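Inspection log for the structure reproduced underneath, given as structure tokens.
The values are calculated or read from the model by the stated rules, or taken from the named source; none is laboratory data. Not measured: the values here are computed from a predicted model. Every residue, glycine among them, receives a Cβ derived from its backbone with ideal geometry; neighbour counts consider all protein chains shown.
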Amino acid sequence: MQHPESQVLGTRVADDVVWGLPPGTAIDVHQLLAEVGLDGLAERDTGGLSGGELQRLAVAAALAREPSLLIADEVTSMVDQQGRDSVMSVLSGLTRRHRTSLVHITHYNDEADAADRTVNLRGNGWPAADAGDMVETAEAPTATAAAGRRRGAPLLELKRVCHEYGSGTPWAKPALSEIELTVHEGDGVLIHGLNGSGKSTLAWIMAGLTVPTSGACLLDGVPVSDQVGAVGLSFQAARLQLMRSHVALEIASSAGFSIYDQAKVTDALHTVGLDPTLAARRVDELSGGQMRRVVLAGLLARSPRALILDEPLAGLDAASQRGLLRLLVELRRREGLTVVVISHDFMGLEQLCPRTLHLRDGVLASAPTIAEDLS
């Protein structure tokens with residue numbers, strides 16, 4: 001599945017492989033884990049696995065059931081390039097090693113090219129003439145600061161921010177180390193890093209939802225954790241952020257106004273380029289791209305000082321990615337919106353985020369703090 005955490009049920013890696021199988025079923029757990037590149041991790045807590053490792057664990061659990069057909073639904077869309085490569089290396093030999101067929105559903109051209117047979121789909125499930133709307137891959141950008149004048153005063157300041165999970169216990173795990181970063185009003189900043197580099201932890205700290213173990217994250221000189229809601233955060237999995245049954249109720253609840261204020265709901269939908277008739281739609285009837293826009297509608301209706309987007313392109317096809325990026329670029333240009341994108345995906349982000357920083361093993365690459373004024 002696209003979100004592997006939704007199908008990982010065991011707290012221990014070895015337990016998850018055999019979860020749900022009849023008692024006494026003969027399964028060589030260690031051999032299966034070795035086959036998917038998780039050799040030696042049988043006793044590991046599943047909560048400590050990276051996105052790519054979770055996907056490979058899900059494959060091992062599926063193979064334990066000896067299926068005639070294995071369907072891999074967007075299994076690489078939520079992981080970085082390194083994770084994609086590891087998952088694809090596992091999938092590529094499955095049909096030779098097991099008596100199973102594989103159907104791989106993907107947005108990526110290079111993954112489709114590796115298949116024995118390819119079917120391209122367009123809207124409503126009809127076959128497409130070509131793969132023109134599939135996602136391409138690219139090399140990671142260099143850490144830079146685009147030339148130009150500063151757009152505004154310092155807005156978000158991170159001063160020697162460190163974070164450690166389980167701090168003070170034998171299981172302490174460092175996530176961030178000595179982060180120094182200033183984001184100015186109107187900036188567009190991309191923080192790029194691999195899975196497990198600390199990106200999501202940094203996003204939550206910048207939004208005030210996590211207090212760093214040491215150091216400070218300030219918004220207008222005041223700890224951002226004392227101003228929760230002033231910085232909007234869009235989660236990687238948009239569906240997990242949508243808590244209400246219908247679009248109008250979700251936007252009103254997120255923004256803090258009455259569901260009966262139809263004008264505000266309509267304005268919020270217009271802001272993110274959605275048809276106002278979607279207000280009556282059930283959230284579960286939306287596409288992935290529409291879900292992301294509904295999340296943004298609720299966040300923007302609160303007039304946040306800055307917007308943090310955690311993996312905003314994950315799971316979207318090429319057309320949805322382009323549409324979302326056009327919307328964000330226009331909002332930044334028109335409203336002076338301060339945007340920080342935290343992502344392992346960077347295709348097409350250069351116009352939205354003229355400034356790029358790299359996060360590796362919890363350490364942020366240094367770069368000048370100058371943002372480009374979009375013209």
Checklist outcome for this item: The lone condition Ser86 fails out of (1) under 27 Å from His344 (Cα atoms); (2) in contact (Cβ under 8 Å) with a residue 40 or more places away in the chain; (3) surrounded by fewer than 14 Cβ atoms within 10 Å (Cβ to Cβ) is (3)
Checklist entry - So which residues in region 242-254 are of a type outside the set (Lys, Arg) and either within 22 Å of the chain's Cα centre (by Cα) or not assigned by TED's automatic domain parsing to the domain that holds Ala301 (or both)? => result Leu242, Met243, Val247, Glu250, Ile251, Ser254
Next on the checklist: If I filter region 82-96 for residues that are of a type in the set (Asp, Glu), touching a Leu at 6+ places or on another chain (Cβ under 9 Å) and either part of a strand (DSSP E or B) or not assigned by TED's automatic domain parsing to the domain that holds Gly196 (or both), do I get at least one hit?
Outcome noted: no
Next on the checklist: Between a residue in region 1-18 that is aliphatic (A, V, I, L, M) and any residue that is at pLDDT below 85 and in a loop (DSSP other than H, G, I, E, B), which pairs come within a Cβ distance under 7 Å, given they are 6 or more apart or on different chains?
Outcome noted: Met1/Gln7
Checklist outcome for this item: Within region 67-95, the residues that are in contact with a Ser or Thr (Cβ under 8 Å, 6 or more places away or on another chain) and more than 20 Å from Asp317 (Cβ to Cβ) are Pro67, Ser68, Leu69, Leu70, Leu94, Thr95
Item to check | Boolean, Thr356 is of a type in the set (S, T, N, Q) and closer than 30 Å to Tyr108 by Cα | outcome: yes
Checklist entry - Within region 50-59, is even one residue surrounded by fewer than 16 Cβ atoms within 10 Å (Cβ to Cβ), modelled with pLDDT of 85 or more and within 27 Å of the chain's Cα centre (by Cα)? => result no
Checklist entry - Could we say that Arg244 is out of contact with any strand residue (DSSP E or B) (no Cβ under 8 Å at 6 or more places or on another chain), assigned to a loop (DSSP other than H, G, I, E, B) and more than 18 Å from Val339 (Cα to Cα) here? => result yes
Checklist entry - Only one of these conditions is not met by Ile71: (1) in contact with a strand residue (DSSP E or B) (Cβ under 6 Å, 6 or more places away or on another chain); (2) in contact (Cβ under 8 Å) with a residue 60 or more places away in the chain. Which number is it? => result (2)
Next on the checklist: Would you confirm whether or not region 193-201 contains a residue that is within 14 Å of Arg305 (Cα to Cα) and buried (at least 21 other Cβ atoms within 10 Å of the Cβ)?
Outcome noted: no
Item to check | Unique match (being outside any loop (DSSP other than H, G, I, E, B) and buried (at least 16 other Cβ atoms within 10 Å of the Cβ)) among Ser253, Ser225 | outcome: Ser225
Checklist entry - Condition test on Val161, is it assigned by TED's automatic domain parsing to the domain that holds Val228, touching a strand residue (DSSP E or B) at 6+ places or on another chain (Cβ under 6 Å), crowded, with 21+ Cβ neighbours inside 10 Å and more than 22 Å from Phe346 (Cα to Cα)? => result yes
Checklist outcome for this item: Within region 249-274, residues of a type in the set (A, V, I, L, M, F, W, C) and over 24 Å from Val228 (Cβ atoms) come out as Ala263, Leu269, Leu274
Item to check | Selection from region 270-323 of residues that are aliphatic (A, V, I, L, M) and in contact with an Asp or Glu (Cβ under 7 Å, 6 or more places away or on another chain) | outcome: Val283, Val294, Leu313, Ala314, Ala318, Ala319
Item to check | In region 65-83, the residues that are surrounded by fewer than 16 Cβ atoms within 10 Å (Cβ to Cβ) and β-branched (Val, Ile, Thr) | outcome: Ile71
Checklist entry - In the list Ser258, Ser214, which residue meets the criterion of being assigned by TED's automatic domain parsing to the domain that holds Glu164, out of contact with any helix residue (DSSP H, G or I) (no Cβ under 6 Å at 6 or more places or on another chain), at negative phi and free of Cβ contacts under 8 Å to residues at least 40 places away in the same chain? => result Ser258
Checklist entry - Within the group Arg355, Arg292, Arg281, Arg332, which residue is surrounded by fewer than 23 Cβ atoms within 10 Å (Cβ to Cβ), charged (D, E, K, R), in contact (Cβ under 8 Å) with a residue 40 or more places away in the chain and not assigned by TED's automatic domain parsing to the domain that holds Val75? => result Arg332
Checklist outcome for this item: With criteria (1) at pLDDT 90 or above; (2) surrounded by 19 or more Cβ atoms within 10 Å (Cβ to Cβ), Ser303 comes up short on (2)
Item to check | Which numbered condition Glu35 misses (of (1) touching a Leu at 6+ places or on another chain (Cβ under 8 Å); (2) within 15 Å of Arg84 (Cα to Cα)) | outcome: (2)
Checklist entry - What tally of residues in region 97-122 results from selecting those that are crowded, with 20+ Cβ neighbours inside 10 Å, part of a strand (DSSP E or B) and under 19 Å from the mean Cα position of the chain (by Cα)? => result 1
